[in-house]
Amino acid sequence: MKLAKFTRHLKPSETLAISAKAKALRAQGREVIDFSVGEPDFNTPDNVIKAAEHAMAEGFTKYTQASGLPALRQAIAEKLNRENNLQYEPEQIIVSCGAKHVLYNLAMVLVDPGDEVIIPGPYWVTYPTQVEMAGGVPVIIPTTAEEGFKITGEVLRRYLTPATKGIILNSPCNPTGAVYTPDELQDLAEVLRDTGVYVITDEIYEHMVYDGLQQVSIATLSPELKERCIVVNGVSKSFSMTGWRVGYCAGPADVIAACGHLQSQSTSNPTAFAQVGAIEALTGPQDSVHEMAAAFVERRDFVVDRLNAIDGISCPMPQGAFYTFPKINALFGRRANGRTLSDSAEVVDYLLDAAGVAAVPGDAFGANDHMRLSYAASMEALESGLDRVEQAVLNLT
Ligand code: PLP
């Protein structure tokens, strides 16, 4: 059988693949502590669950408008105004099946074959693949821990070419936890303002920002740039609703309309009662969001301290999201059971085999010297998992 050409480069998401491997080991009776996951370990808030249950009973079990319920788009417009100082009309907003789906739609409607899309690295695994699926060329700007995993306007300027169609910014960042300050975003906005480049700003971790930093959307910094910004967000991370599959974006009306047409010919609407749950998440009490962020800070501090105490691992302090991204290249060349570890995939494999701890190799994010450990896990799991990682590293020769 001959599959379409684009499938030759299509691989499953590495993070989902590792979670699947961890689940498979558990199913075989191994006790695995899973730090590979990209979802909060908290339950979806009760009020949201009740709203969706009620919605099902009330008949929200049929198709809705393909671009999302008008009431949800209105709630999103109000949320963006209230929390992000961004004014959009409901027709500038579309609801899709998770932020991943939003980003896929955007790649499809913005990118022509050969168009370049700039992606600062380390990057979320899915961005380059989605650009490639649209026929575009992902142009990675590498950054290091010493640079805080952030690009500057000066660096960005060097990567802009006549073929640049867009840039994907992600602050707070998965996997590094880097958070851009308003000044740093202003620096980027100044370089981007007079170009025709679209700015896709993925703000899905907006509520997980620590150390007194403030989440700011680049779309607020320049009215000219806002005309080419698409603000991507969703309820997955902030409200622990990863399985509900509700994400959204706001941006120029023509881009949103094109996403709407694509969606009406592909998935149709996101699940009707999940959309009602999302309305409750955005308009109901917000305590759970703050409680979750407070728990994450405590865990982050614990994990970073523990990792830095392990010989061969050095972990910068992430300022957002719920991941640590320690440097592990000092472990390359060390040996266990006759096997020499030579890259991030082998280190992660070793930790899964020897310690029963699942992490994600940095390679998946374009940074082979690192691995990603999520701290969206209970304190007990973190303590026991880090004890095991420490012991497994000590066992290396
Ligand atoms: N963007 C980033 C940076 C993410 O880390 C994720 C999920 O891991 C998503 C988007 C996708 O979120 P959703 O579950 O809403 O599709």
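Here are a few things to note about the model shown:
- Scanning segment 21-32 for residues that are surrounded by fewer than 18 Cβ atoms within 10 Å (Cβ to Cβ) and not charged (D, E, K, R) turns up Ala24, Leu25, Ala27, Gln28, Gly29.
- Verdict on Thr161 being more than 15 Å from Ile151 (Cβ to Cβ) and at pLDDT 95 or above: yes
- Any hit, segment 333-343, residues being modelled with pLDDT of 95 or more, more than 18 Å from Trp124 (Cα to Cα) and crowded, with 19+ Cβ neighbours inside 10 Å: yes
Conditions tested, residue by residue: (1) within 13 Å of the ligand (Cβ to nearest atom); (2) at pLDDT 95 or above; (3) under 23 Å from Tyr375 (Cα atoms).
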{"residue": "Thr201", "(1), (2), (3)": "yes, yes, no"}
{"residue": "Glu206", "(1), (2), (3)": "yes, yes, yes"}
{"residue": "Tyr210", "(1), (2), (3)": "no, yes, yes"}
{"residue": "Ile218", "(1), (2), (3)": "no, yes, no"}
{"residue": "Leu221", "(1), (2), (3)": "no, yes, no"}
{"residue": "Arg228", "(1), (2), (3)": "no, yes, no"}
{"residue": "Ser240", "(1), (2), (3)": "yes, yes, yes"}
{"residue": "Tyr248", "(1), (2), (3)": "yes, yes, no"}
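- Residue in segment 28-46 that is in a helix (DSSP H, G or I) and hydrophobic (A, V, I, L, M, F, W, C) present: no
- Within segment 322-332, the set of residues being open to solvent by less than 50 Å² (accessible area, probe 1.4 Å), under 30 Å from Ile204 (Cα atoms) and not aromatic (Phe, Trp, Tyr) comprises Thr324, Pro326, Ile328.
- Only one of Ile18, Ile94, Ile76, Ile49 that is surrounded by 14 or more Cβ atoms within 10 Å (Cβ to Cβ) and not in a helix (DSSP H, G or I): Ile94
- Residue tally, condition over 25 Å from the mean Cα position of the chain (by Cα) and within 14 Å of the ligand (Cβ to nearest atom), over segment 9-52: 0
- Which numbered condition Ala57 misses (of (1) away from the ligand (no atom under 14 Å from the Cβ); (2) of a type in the set (A, V, I, L, M); (3) touching a helix residue (DSSP H, G or I) at 6+ places or on another chain (Cβ under 9 Å)): (3)
- The C-beta contact set for segment 11-39 (first residue among the acidic types (Asp, Glu), second residue within 16 Å of the ligand (Cβ to nearest atom) and not in a helix (DSSP H, G or I), distance under 7 angstrom, 6+ apart or interchain) comprises Glu14/Val125; Glu14/Val360; Asp34/Ala358; Glu39/Ala376.
- Scanning segment 261-278 for residues that are away from the ligand (no atom under 16 Å from the Cβ) and open to solvent by 10 Å² or more (accessible area, probe 1.4 Å) gives His261, Leu262, Ser264, Gln265, Ser268, Phe273, Val276.
Every residue, every condition in (1) β-branched (Val, Ile, Thr); (2) farther than 23 Å from Phe365 by Cβ; (3) at pLDDT 95 or above; (4) away from the ligand (no atom under 15 Å from the Cβ), yes or no:
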site: Ala75; (1), (2), (3), (4): no, yes, yes, yes
site: Asn105; (1), (2), (3), (4): no, no, yes, no
site: Val109; (1), (2), (3), (4): yes, yes, yes, yes
site: Glu116; (1), (2), (3), (4): no, no, yes, yes
site: Ile141; (1), (2), (3), (4): yes, no, yes, yes
site: Leu169; (1), (2), (3), (4): no, no, yes, no
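- Of the strands (runs of 3 or more DSSP E) lying entirely inside segment 190-281, those containing at least 3 residues that are over 18 Å from Phe322 (Cα atoms) and of a type in the set (Val, Ile, Thr) span 198-202, 229-234.
- Residues in segment 33-46 that are among the acidic types (Asp, Glu) and open to solvent by less than 90 Å² (accessible area, probe 1.4 Å) were compared, and the one that is nearest to Ala17 (Cα to Cα) is Asp34.
- Candidates in segment 293-314 are the residues that are in contact with a strand residue (DSSP E or B) (Cβ under 9 Å, 6 or more places away or on another chain) and in a helix (DSSP H, G or I); of these, the one that is nearest to Ser344 (Cα to Cα) is Leu307.
- Given (1) over 30 Å from Pro285 (Cβ atoms); (2) within 16 Å of the ligand (Cβ to nearest atom); (3) open to solvent by 60 Å² or more (accessible area, probe 1.4 Å), number of the condition Phe6 does not satisfy: (2)
The values are calculated or read from the model by the stated rules, or taken from the named source; none is laboratory data. Everything numeric in this text was worked out from a predicted model, so none of it was measured. Quick reminder, even Gly has a Cβ in these numbers, built from the backbone with ideal geometry, and neighbours come from all protein chains shown. Ligands, DNA and RNA are stripped out before the accessible areas are found, and what is left, the full protein with its side chains, is counted by its heavy atoms. Shrake-Rupley method; radii C 1.70, N 1.55, O 1.52, S 1.80 Å.
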